[in-house]
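The values are calculated or read from the model by the stated rules, or taken from the named source; none is laboratory data. Worth saying up front: this structure is predicted, and the values here are computed from it rather than measured. Ideal geometry is used to build each Cβ from the backbone, glycine not excepted, and the neighbour counts take in all protein chains shown.
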Amino acid sequence: MAEKIQKPKGTQDLLPEATIAWQHVETTARQLFASWGYGEIRTPIFEDTALFLRGVGETTDIVHKEMYRFEKSERDLCLRPEGTAGVVRAFMEAGLSRASKPVKLWYTGPMFRYERPQAGRYRQFHQLGVEVFGLATPETDVEVIALAWQLLESLGLKGLTLHLNDIGTASDRTAFRAKLQEHLRPLLPQLCKTCQHRFDENPFRMLDCKVPACQAAYESVYIDDFLKTPWTGIDSQAAFTRITTLLSALNIPWVQNHKLVRGLDYYTHTVFEITANTDGVDGMGTINTVCGGGRYNGLVETLGGEPTPGVGWALGLERLIALLPKHEDSSPLMVVLPSGNDGSSPQDWASAYQQAKTLRQQHPTATILLDTSNRAFKKQMEAADKRGASSVWFQRDGEWQQKLLGR
RNA sequence: GCGGGUGUCGCCAAGCGGUUAAGGCCCCUGGUUGUGGUCCAGGUAUACGUGGGUUCGAUUCCCAUCACUCGCCCCA
């Protein structure tokens, strides 16, 4: 027997039962974005590799070891590992930088990262995100966050927390990194092995360590003191305060997370994550970040465009859907059987098709099924019942009659 | 890249050295039933991931391998 072909590792087949939830999320998001004035953008699933090398940063794991990279006709291409870089590229290429500001966009689609699959983490996964170009005001950051919050609320999610921080600019971080290492070097022998390893590679990650002894060492080390590069005309601290004040006024519960210093290279100033309580949620494992984003004022310029500030977020659809309450398809189901106990003539069939058509017009939200199996009438009744039909229609003495299938 | 878990019919799941390898669900057929819900009878299926080894004998033990899965890393 030929070997079975299976889906590639880390991918999923979404069967009709599952796509109901996806459609629900997509529909909700689409309506919300439209009413907030965000336009949809669709960009290619593969791009020039250089886009991500420059945009996301060569040192990040995403680019470093997780890209699906391939060459075709001497072009170095790769499957997109995230959405922002492609949107920025398209934004520049379409000349949107000359459009009136701000430019508000949203996108959705598959992303690809070559990594070990786990609960809530796939090699092909889907993101839904927004990007706003052209405004560097704290109020823009709040709007973008409020939009994410509104979407998650509309979908009925509970137990959400917004974590945010200001991580300054790349140069602020370089200074902080040096200071951090200087501060921690003498303490190194007391820290756990993982932290010792991270000291050189990525000292920011050390701040996330869960070992109590390590935590104590990091207690007083905050990036705040290194935020020298101001926003446009606003001091960093003042900007952050404006953001948090406004969030509170909007009843969006936030917490400042000083440890939120990671992220892709392109972030400047505001970074945030929305986490969910994943206790007892199937398919989420230990992962609880649903949405992540921030401001990226230097990205457009890095990719060769006019200096343009930007801010946005992306949320993982697989993770989001795992958190959603089960969504049942509640539309009534009616089944049309072609005839009564006697065999069906061509006229009977034509009449059945017509009857189905009429019912579909009369009940636009219902599902109307025509049984074309040609099985015994009794079998058709059984099948209708098994499917959970609320009623069946059948012909008797030339008349269509409905029979309710109550329990 | 590094750890842990699991692999028996489409799904769930017994068996743990010698079995015709249970059972349930699903599916199909026939019957019963107030033309369907219940119930009864029957039927279909190349099911022990793969390759070695131990043994008189392996689904059951050992090794390897593959696949899936969970965790670390990192992230959505």
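Figures for the structure shown
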read-out: Filtered residues of the range A:87-110 (kept if touching a residue at least 12 places away in the same chain (Cβ under 8 Å), of a type outside the set (S, T, N, Q) and away from RNA strand B (no atom under 14 Å from the Cβ)); value: A:88, A:89, A:90, A:91, A:92, A:96, A:101, A:102, A:103, A:104, A:105, A:106
read-out: Entirely in the range A:332-407, the strands (runs of 3 or more DSSP E) that have 2 or more residues that are exposed (fewer than 12 other Cβ atoms within 10 Å of the Cβ); value: A:399-404
read-out: Matching residues, the range A:1-21, being within 14 Å of RNA strand B (Cβ to nearest atom) and buried (at least 16 other Cβ atoms within 10 Å of the Cβ); value: A:10
read-out: Qualifying residue in the range A:195-214 (condition: away from RNA strand B (no atom under 16 Å from the Cβ) and at pLDDT below 85); value: no
read-out: Residue that is surrounded by the most Cβ atoms within 10 Å (Cβ to Cβ), among those in the range A:111-129 that are more than 8 Å from RNA strand B (Cβ to nearest atom) and more than 17 Å from residue A:27 (Cα to Cα); value: A:112
read-out: Hey, residue A:299 buried (at least 23 other Cβ atoms within 10 Å of the Cβ), closer than 15 Å to residue A:105 by Cβ and aliphatic (A, V, I, L, M) or not; value: yes
read-out: Residue among A:128, A:53, A:105 that alone is assigned by TED's automatic domain parsing to the domain that holds residue A:284 and more than 21 Å from residue A:149 (Cβ to Cβ); value: A:53
read-out: Checking residue A:43 against (1) surrounded by fewer than 16 Cβ atoms within 10 Å (Cβ to Cβ); (2) farther than 18 Å from residue A:115 by Cβ; (3) among the polar types (S, T, N, Q), the condition it does not meet; value: (1)
read-out: Test: residue in the range A:134-141 that is out of contact with any Cys (no Cβ under 9 Å at 6 or more places or on another chain), within 14 Å of RNA strand B (Cβ to nearest atom) and at pLDDT 95 or above; value: no
read-out: Candidates A:33, A:91, A:52, filtered to the one that is touching a Cys at 6+ places or on another chain (Cβ under 9 Å) and on the phi < 0 side of the Ramachandran plot; value: A:52
read-out: Tally of residues being farther than 15 Å from residue A:338 by Cα and either touching a helix residue (DSSP H, G or I) at 6+ places or on another chain (Cβ under 7 Å) or more than 11 Å from RNA strand B (Cβ to nearest atom) (or both) across the range A:391-407; value: 1
read-out: Residue list for the range A:352-390, filter: polar (S, T, N, Q), at negative phi and within 16 Å of RNA strand B (Cβ to nearest atom); value: A:355, A:372, A:373, A:380, A:390
read-out: Residue, nearest to residue A:109 (Cα to Cα), within the range A:24-55, restricted to residues that are among the charged types (D, E, K, R) and in contact (Cβ under 8 Å) with a residue 12 or more places away in the chain; value: A:42
read-out: Flag for residue A:152 being within 14 Å of RNA strand B (Cβ to nearest atom) and assigned to a helix (DSSP H, G or I); value: yes
